[in-house]
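To keep things clear, I will list the structure first and then write my remarks on it.
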Amino acid sequence: MLENNITSLKHRITTACQQSQRTNNSVNLLAVSKTRDINTIKNAYDYGLRQFGENYVSEAEQKITALPKDIEWHFIGPVQSNKTKTIAKHFHWVQTIDRIKTAKRLNEQRPKGMEAIQCLIQVNISNEPQKSGVGVSELMPLAQFIETLPHLTLRGLMAIPKADNKLTTSRQEFAKMAQLLKQLQLDAPQADTLSMGMSKDLEAAIAQGSTMVRVGTDLFGPREHV
Ligand SMILES: *Cc1c(COP(=O)(O)O)cnc(C)c1O
């Protein structure tokens, strides 16, 4: 099943790229492995996947320790202050930065000798109350702060549109994200990443410029718990 799912996802990504005249290798597939066990992740690894996303720190720490060292791990859950130390120790990417405090702690806690953490700022693109992510007006100040930190590299933006959005609404929000990235690039030319699109809406995200789709369900099957 996993092998077929990987093949069909790669096909969906290729087709979406062709339809918007983009090169195929301009979109990365991030395998969202939250709640999946180590064997399942190892199978996906054996089929060639190397980028995995995790939401829960203690669950992720066990997996990262047990699995091959050439995996690139992305933290994609809300960052709690008491977890930044473990995140800084284990993850290559953090996609969910939305506060100065988090950026500061990750920068201070990155162990010596490790390369900078690749960071994305999460944007609350659907303007949901009490949802993670910065509002549009808070984006540039946070970006400018991250740019001063030696152990973080700002690579772009990430968004999770509202779960019950209509596809037309998500499309508009993805387009808005692409605009925000362009704006950010004026200050931070190295910011090349737009992480958006999941199982249900990855085609719409790719059409608007996503460079990284985050897929759980259509890769590993339905989750038993969130
Ligand atoms: C769970 C999760 C995904 C994957 O969602 P699916 O609908 O299972 O593909 C992507 N991004 C984030 C931030 C998630 O928490």
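Points to keep in mind about this one:
- Per-region count, segment 197-226, residues in contact with a strand residue (DSSP E or B) (Cβ under 8 Å, 6 or more places away or on another chain), assigned to a loop (DSSP other than H, G, I, E, B) and within 15 Å of the ligand (Cβ to nearest atom): 6
- For segment 6-34, the set of residues classified as more than 12 Å from residue 211 (Cβ to Cβ), assigned to a loop (DSSP other than H, G, I, E, B) and open to solvent by less than 40 Å² (accessible area, probe 1.4 Å) consists of 20, 33, 34, listed by residue number.
- In the set (1) within 14 Å of the ligand (Cβ to nearest atom); (2) of a type outside the set (Val, Ile, Thr); (3) modelled with pLDDT under 95, residue 60 fails one condition alone, (3).
- Here segment 65-85 is the region considered, the condition is being more than 16 Å from the ligand (Cβ to nearest atom) and hydrophobic (A, V, I, L, M, F, W, C), and the residue that is surrounded by the fewest Cβ atoms within 10 Å (Cβ to Cβ) is 66.
- Among the residues making up segment 205-226, those that are farther than 22 Å from residue 44 by Cα and either surrounded by fewer than 21 Cβ atoms within 10 Å (Cβ to Cβ) or among the polar types (S, T, N, Q) (or both) are 207, 208, 209, 210.
- Residue count for segment 166-203, restricted to those that are of a type in the set (S, T, N, Q) and in contact with a helix residue (DSSP H, G or I) (Cβ under 7 Å, 6 or more places away or on another chain): 2
- All positions within segment 53-82 that are under 21 Å from residue 149 (Cβ atoms) and over 18 Å from the mean Cα position of the chain (by Cα): 81, 82
- Being more than 16 Å from the ligand (Cβ to nearest atom) and either without any contact (Cβ under 8 Å) to a residue 12 or more places away in the chain or within 26 Å of residue 92 (Cβ to Cβ) (or both) is a property that holds for residue 182.
The values are calculated or read from the model by the stated rules, or taken from the named source; none is laboratory data. Please read all numbers here as calculations on a predicted model, not as lab measurements. Here Cβ is always computed from backbone atoms with ideal geometry, including for glycine, and neighbour counts include all displayed protein chains. The area values use the complete protein model at the heavy-atom level, side chains included, leaving out ligands, DNA and RNA. Shrake-Rupley method; radii C 1.70, N 1.55, O 1.52, S 1.80 Å.
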